[in-house]
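Okay, so here's the structure we're looking at.
The values are calculated or read from the model by the stated rules, or taken from the named source; none is laboratory data. Keep in mind that what you see is a predicted model, and the values were worked out from it rather than measured. Glycine gets a Cβ as well: all are built from the backbone with ideal geometry, and neighbour counts include every protein chain shown.
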Amino acid sequence: SGAPRQVEDDQEAELRKMLVISGGDGYIDFRIGEENEPPVTTKGIRARDMSHLIIWEVDAELPVVSS
(Lines give C-alpha, C1' and ligand atoms only; values in the text may rest on other atoms or scores of the structure.)
Protein backbone atom coordinates (compact mmCIF):
# COMPACT_ATOMS: atom_id res chain seq x y z
CA SER A 1 0.00 0.00 0.00
CA GLY A 2 2.81 2.48 -0.65
CA ALA A 3 3.99 2.63 2.96
CA PRO A 4 7.53 1.35 3.61
CA ARG A 5 7.64 -2.07 5.25
CA GLN A 6 10.05 -3.15 7.93
CA VAL A 7 12.32 -6.03 6.94
CA GLU A 8 11.41 -9.07 9.05
CA ASP A 9 14.13 -10.48 11.31
CA ASP A 10 14.32 -13.72 9.32
CA GLN A 11 14.62 -11.90 5.96
CA GLU A 12 17.87 -10.70 4.47
CA ALA A 13 18.11 -7.04 3.49
CA GLU A 14 20.25 -5.36 0.87
CA LEU A 15 21.23 -1.69 0.75
CA ARG A 16 20.24 -0.36 -2.68
CA LYS A 17 20.14 3.04 -4.35
CA MET A 18 16.70 4.39 -5.15
CA LEU A 19 15.64 7.51 -7.10
CA VAL A 20 12.77 9.64 -5.80
CA ILE A 21 11.29 12.02 -8.37
CA SER A 22 9.00 14.97 -7.69
CA GLY A 23 7.79 17.65 -10.05
CA GLY A 24 5.13 20.25 -10.60
CA ASP A 25 4.16 23.69 -11.82
CA GLY A 26 5.54 26.82 -10.24
CA TYR A 27 8.98 27.92 -9.13
CA ILE A 28 10.52 26.71 -5.89
CA ASP A 29 13.95 28.05 -4.88
CA PHE A 30 15.74 25.27 -2.98
CA ARG A 31 19.15 26.96 -3.10
CA ILE A 32 20.96 27.17 0.23
CA GLY A 33 23.94 29.40 0.92
CA GLU A 34 23.39 31.76 -2.01
CA GLU A 35 21.97 34.69 -0.04
CA ASN A 36 24.46 37.13 -1.62
CA GLU A 37 23.03 36.63 -5.11
CA PRO A 38 20.35 39.00 -6.42
CA PRO A 39 16.78 37.70 -6.11
CA VAL A 40 15.26 35.85 -9.05
CA THR A 41 12.81 38.03 -10.95
CA THR A 42 9.81 36.44 -12.58
CA LYS A 43 8.82 39.47 -14.67
CA GLY A 44 8.16 38.38 -18.23
CA ILE A 45 8.32 34.67 -17.43
CA ARG A 46 5.28 32.63 -18.38
CA ALA A 47 3.77 30.31 -15.74
CA ARG A 48 4.36 27.26 -17.96
CA ASP A 49 8.10 28.07 -18.02
CA MET A 50 8.33 27.82 -14.24
CA SER A 51 7.80 24.09 -13.69
CA HIS A 52 10.29 22.05 -11.69
CA LEU A 53 11.67 18.53 -11.46
CA ILE A 54 13.56 17.35 -8.38
CA ILE A 55 15.43 14.04 -8.19
CA TRP A 56 16.93 12.60 -4.99
CA GLU A 57 19.15 9.54 -4.80
CA VAL A 58 18.64 7.74 -1.49
CA ASP A 59 19.91 4.56 0.11
CA ALA A 60 17.09 2.11 0.80
CA GLU A 61 17.26 -1.14 2.75
CA LEU A 62 15.20 -3.55 0.67
CA PRO A 63 14.37 -7.21 1.35
CA VAL A 64 16.09 -9.76 -0.87
CA VAL A 65 13.44 -11.72 -2.78
CA SER A 66 14.47 -15.21 -3.82
CA SER A 67 12.74 -17.01 -6.67
Could you look through region 28-54, keep only residues that are surrounded by 10 or more Cβ atoms within 10 Å (Cβ to Cβ) and assigned to a strand (DSSP E or B), and pick out the one that is modelled with the highest pLDDT?
ILE54
Just one of GLU57, GLU61 is at pLDDT 70 or above, surrounded by 10 or more Cβ atoms within 10 Å (Cβ to Cβ) and in a strand (DSSP E or B); which is it?
GLU61
All positions within region 1-27 that are exposed (fewer than 10 other Cβ atoms within 10 Å of the Cβ) and modelled with pLDDT under 65
SER1, GLY2, ALA3, PRO4, ARG5, GLN6, GLU8, ASP9, ASP10
